[in-house]
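To keep things clear, I will list the structure first and then write my remarks on it.
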Amino acid sequence: MIFLKRLKTTLANIFLASGITSHLSLLPLDAHLPSCHLPRTMPYLPPDISGSIAHVTAEITIDAPIETVWNIIVDFESYTNWNPFVRSQLITDEQWNPLEPQPKPTEGAFLLMLCKIPPPPDGSLVPVDKSLTTSKEMLNFVEEENHRIGWTQKLYPNWAMKEQRWQELTEVVVDGKTQTKYYTVQVRFSKCCSAFLR
């Protein structure tokens, strides 16, 4: 599908442009794309970037129905087939063992990701193997009715460093046609490690 190919390439470019090439490499605070201004009455607000040591925001308009895009975003097993950055993303038990069959994403679920860092600039799909970087996450929220989902990295204790990912889909009208806007925020906070990681 054309929109899926565009989303795949865009996600690859997001991480390349951000300068995030590993879990310990940080982009400058001014190296982010303009973030959208969301009304403060919305539930599950995106993380506040003002106190972050690194952040990136991005958005793309996709020529597809919002439910189609949402179903792809929450179908973690399918990431291997299209996502050049997250080559595998599976829900696990508390010991990070993938569950079989894969359940529907729910708040509090554990996620095990295998990531290609940095992703290929052409959006190509590398094999899922031991050369990939492991990331352990927890789903903070899944708000299906408003098409929002977010997770927090669990590799480091919160007192040392915290990283959050927030995603939202909204319907927009482009040239009289209803399409889907994908918006994402990734934020990194650090307390005791900030002086060493800047």
5 Å is the cut-off here: which amide hydrogens, built 1.01 Å from N in the peptide plane, fall below it relative to Gln179, excluding neighbours closer than 5 in sequence?
Val172, Val173, Val174
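Need the full-extension length gain, Gln102 to Asp129, defined as separation in residues times 0.36 nm minus the C-alpha distance. One decimal, nm. Working shown, then result.
Working: separation 27, 0.36 × 27 = 9.72 nm, distance 1.99 nm.
Length difference between fully extended and current span is 7.7 nm.
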Amide H proximity to Ala54 below 5 Å, modelled H, separation 5+ or other chain, gives Arg188
If neighbour count is taken as other Cβ atoms inside 10 Å, put Trp166, Trp96, Trp151, Trp70 in order from fewest to most.
Trp96, Trp70, Trp166, Trp151
From the phi of every residue in segment 164-177, what ³J(HN,Hα) in whole Hz does the Karplus formula 6.51 cos²θ - 1.76 cosθ + 1.60 yield, where θ is phi - 60° and glycine or proline is x?
10, 10, 10, 9, 8, 10, 9, 7, 9, 10, 10, 6, x, 10
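Using the structure shown, select from Lys136/Lys181; Lys116/Lys177; Lys116/Lys181; Lys104/Lys154; Lys104/Lys181 the pairs with a Cα to Cα distance greater than 32 angstrom.
Working: Lys136/Lys181 27 Å; Lys116/Lys177 35 Å; Lys116/Lys181 25 Å; Lys104/Lys154 20 Å; Lys104/Lys181 23 Å.
Distance filter (> 32 Å) returns Lys116/Lys177.
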Want the number for Met138 to Glu67: 0.36 nm per residue separation, take away the alpha-carbon distance, what's left?
23.2 nm
Relative exposure of Ile117, Ile91, judged by other C-beta atoms within 10 Å (fewest first):
Ile117, Ile91
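Values in this text are rule-based calculations from the coordinates and carry no lab data. On a predicted model such as this, the values are computed, not experimentally measured, just so you know. Don't worry about glycine lacking a Cβ; one is built from the backbone with ideal geometry, like all the others, and counts go over all protein chains shown.
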